[in-house]
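To keep things clear, I will list the structure first and then write my remarks on it.
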Amino acid sequence: MSAQAVLQAAAIAALDGLDVTAVFDAPPVRAALPYALVEEAMLADWGTKDMAGREGRLSVIVRDGGERPARLRLLAGAVEEAIEAIDREPGEGWHIVTLAFVRGRIVRDGGDHWASVSEFRVRMLRES
């Protein structure tokens, strides 16, 4: 399994307890609010002479409705905690060396909809 697939699965599993209607791995056609979306990570080579490696950014978007983003602020904090607690051995021989929150933002997403974007830097290695 690719680093991309392993990381995506680990992030979705980590967000399992999040208080949302669903956690998606691709933008849903229809979904009840609030929901979370684990975007495809942008990964680059971070390998060594004898180990495959990937470094990149993982983003989680939470969408919610309402006049104010009060609930979304709580959900954004829960996303940060859940992602930072991902199992460092996600499977298929991959090991997460570092995983750190980089930045987050809450924005109005049209009308009474809001979106929270949380971005994380991840570095992974797998012995060849």
Pick from segment 1-10 the residues that are modelled with pLDDT of 95 or more and more than 13 Å from LEU43 (Cβ to Cβ): which of them is most open to solvent (accessible area, probe 1.4 Å)?
-> ALA9
Single residue of segment 11-22 satisfying the filter (open to solvent by 40 Å² or more (accessible area, probe 1.4 Å) and assigned to a loop (DSSP other than H, G, I, E, B)) that is nearest to GLY93 (Cα to Cα) = ASP16
Could you check how many residues of segment 23-45 are open to solvent by less than 80 Å² (accessible area, probe 1.4 Å), among the hydrophobic types (A, V, I, L, M, F, W, C) and in a loop (DSSP other than H, G, I, E, B)?
-> 5
Inside segment 21-59, can you point out the residues that are farther than 18 Å from THR98 by Cα, out of contact with any helix residue (DSSP H, G or I) (no Cβ under 7 Å at 6 or more places or on another chain) and of a type in the set (Val, Ile, Thr)?
-> THR21, VAL29
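Looking only at residues in segment 100-126 that are among the basic types (Lys, Arg) and surrounded by 13 or more Cβ atoms within 10 Å (Cβ to Cβ), which one is farthest from LEU58 (Cα to Cα)?
Top of the filtered list is ARG126.
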Scanning segment 67-99 for residues that are under 20 Å from VAL23 (Cβ atoms) and in a loop (DSSP other than H, G, I, E, B), the one most open to solvent (accessible area, probe 1.4 Å) turns out to be ASP87
Right, GLU55: assigned to a helix (DSSP H, G or I) and of a type in the set (Asp, Glu) or not?
-> no
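The values are calculated or read from the model by the stated rules, or taken from the named source; none is laboratory data. Computed from a predicted model, the values in this text were never measured in an experiment. Cβ: placed from backbone, ideal geometry, glycine included. Neighbour counts: every protein chain shown. For accessibility, only protein heavy atoms count, side chains too; no ligands or nucleic acids. Shrake-Rupley method; radii C 1.70, N 1.55, O 1.52, S 1.80 Å.
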